[in-house]
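Worksheet for the structure shown next.
The values are calculated or read from the model by the stated rules, or taken from the named source; none is laboratory data. Remember, it's a predicted structure, so these values are computed and weren't measured experimentally. Methodologically, a virtual Cβ is constructed for each residue, glycine included, from the backbone with ideal geometry; neighbour enumeration extends over all protein chains shown. Each accessible area value is taken on the protein alone, full model and side chains, heavy atoms only, with ligands, DNA and RNA left out. Shrake-Rupley method; radii C 1.70, N 1.55, O 1.52, S 1.80 Å.
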Amino acid sequence: MRTVKTREKEEQDERMAWWREARFGMFVHWGLYAIPAGVWKGVCVPGIGEWIQHRARIPVKEYEQLARLFNPAKFNAEEWVRVAKEAGMKWIVITAKHHDGFCMFDTEFTDYNVVTATPFRRDPLKELAEACRKEGIRLGFYYSQLLDWHHPDGMGNDWDYDPSEKNFSRYLEGYVKPQLRELLTNYGPVAVIWFDIWTPTQEMARDLKQLVRKLQPDTIISGRVDPGRFEKGISDYRERGDNEIPAEKIEDDWETPATINDTWGFKSYDHNWKSPGVIIGKLVDVVSKGGNYLLNVGPTCEGVIPEPSVRVLKEVGKWLGVNGESVYGTKASPIETPVNCLYRCTAKAGKLYVHIFAWPWSGSLKISGVMNVVEKIFLLSDPDRKELEFKQQGQDIVINLPSKALDPVDNIAGLEMRNSTWP
Ligand code: FHN
């Protein structure tokens with residue numbers, strides 16, 4: 001007879017199957033904060049864009065006025081999904097409600113929402129759900145369950161509300177749960193509910209989990225539902241800190257949420273865009289340690305994904321078009337790659353992918369720890385997949401490489417094993 005534990009594990013594996021395969025997703029931070037875009041009353045407010053209300057201690061009554069200006073005429077859900085797809089991203093997570101409390105979806109539980117309070121009057125999450133469905137991209141919702149600077153009982157706003165008068169349970173029962181019910185009922189299958197920061201108690205976190213499971217058992221629950229920050233407790237996977245990549249591989253499911261520049265929500269003067277090479281390096285580093293990479297875009301108040309992000313994503317997508325088999329559906333490196341070593345490895349049954357980030361001047365590369373007989377080696381970026389010469393001695397392999405790298409960032413040597421027992 002199967003134990004309850006085994007059944008739970010089986011369900012977990014089924015739920016996580018697409019996520020483990022997908023590896024690279026798009027995070028979207030979009031809300032009223034895209035209007036000030038980092039500037040309040042002529043002053044540049046330091047920090048991440050979506051935190052402007054908190055940073056500048058903007059009173060609710062004042063910040064609320066932004067809703068009347070929110071009219072993203074250029075928003076085109078299909079265009080956003082096309083950008084994600086071309087980048088090789090397999091799912092999208094968008095902010096349904098961020099810490100400012102403004103709801104980017106149609107909700108009965110507050111008028112402070114995109115359909116009722118703005119001249120836009122459309123529900124972008126509905127449009128995205130439809131566009132994602134058409135294109136075979138999964139859609140998840142970010143929902144700030146702890147911080148809500150607009151709701152009198154939400155956490156975090158001590159400039160409008162007296163913290164001692166807050167009743168968090170009332171907010172959770174009367175607002176958070178009903179809104180989650182809406183998100184999990186009105187938008188078709190929801191890939192992920194991306195809770196953030198943490199939930200105050202185990203019991204509350206369990207309650208949220210139960211609600212999600214009851215409404216959509218296949219929805220993945222992000223690591224930050226757990227009261228212990230960054231630890232996997234009741235959630236489906238562990239969430240690393242923002243932009244944080246662990247030094248070593250982790251056996252459990254985990255994810256790094258990351259920015260392309262230095263903000264999540266759009267900031268008009270943050271031009272610190274990472275290059276496509278840096279993003280590819282981080283993606284591979286994450287995947288080689290067994291994680292997923294959720295890379296953010298912060299659309300403008302007009303509804304446009306900033307052009308520099310689109311350009312970076314296009315290049316990453318081109319690279320994945322050639323080298324995707326070394327990323328999607330792969331598992332963590334089966335061999336040790338110290339932090340300062342110039343390659344990273346990913347693996348699939350019978351295949352080891354060696355991502356060479358610095359082309360060796362010597363013309364050869366030595367890999368250690370290969371536990372099976374290698375049959376052939378070729379570069380994924382070589383359209384002819386010409387076999388490379390190599391010598392194997394026990395667990396050491398020395399590969400002869402062409403004098404010049406074919407890809408400017410990451411060339412992958414694909415090693416095919418004689419049988420698939422390793423890795
Ligand atoms: O405070 C938020 C922040 O605005 C952003 O949403 C990130 C994304 O991971 N999460 C929180 C901080 O960890």
Within the range 261-274, take every residue that is within 13 Å of the ligand (Cβ to nearest atom) and open to solvent by less than 70 Å² (accessible area, probe 1.4 Å) and give me the one that is farthest from the chain's Cα centre (by Cα).
Lys267
Cβ-Cβ below 7 Å, separation at least six or inter-chain, first residue in the range 64-88 and in a loop (DSSP other than H, G, I, E, B), second aromatic (Phe, Trp, Tyr): which pairs?
Phe70/Phe120; Asn71/Phe120; Pro72/Phe120; Gly88/Phe24
Of Gly290, Gly298, Gly317, which residue is out of contact with any Leu (no Cβ under 8 Å at 6 or more places or on another chain) and within 16 Å of the ligand (Cβ to nearest atom)?
Gly298
Meets criteria (farther than 29 Å from Ala22 by Cα, of a type in the set (A, V, I, L, M) and more than 16 Å from the ligand (Cβ to nearest atom)) for Leu139:
no
Can you tell me which residue is nearest to the chain's Cα centre (by Cα) among those in the range 89-132 that are of a type in the set (A, V, I, L, M) and in a loop (DSSP other than H, G, I, E, B)?
Met89
Checked the range 125-146 for anything out of contact with any strand residue (DSSP E or B) (no Cβ under 8 Å at 6 or more places or on another chain) and open to solvent by less than 70 Å² (accessible area, probe 1.4 Å); matches are Glu127, Ala131, Gly136
Hey, Glu21 over 28 Å from Gly317 (Cβ atoms), open to solvent by 50 Å² or more (accessible area, probe 1.4 Å), away from the ligand (no atom under 16 Å from the Cβ) and charged (D, E, K, R) or not
no
Within the range 223-251, tally of residues that are of a type in the set (Gly, Ala, Ser), within 13 Å of the ligand (Cβ to nearest atom) and farther than 16 Å from Gly290 by Cα
0
Of the residues in the range 328-359 that are aliphatic (A, V, I, L, M), out of contact with any Leu (no Cβ under 8 Å at 6 or more places or on another chain) and in a loop (DSSP other than H, G, I, E, B), the one that is least open to solvent (accessible area, probe 1.4 Å) is Ala332
Does Arg7 fit the bill of being without any contact (Cβ under 8 Å) to a residue 24 or more places away in the chain, farther than 15 Å from Ile137 by Cα, within 16 Å of the ligand (Cβ to nearest atom) and open to solvent by 50 Å² or more (accessible area, probe 1.4 Å)?
no
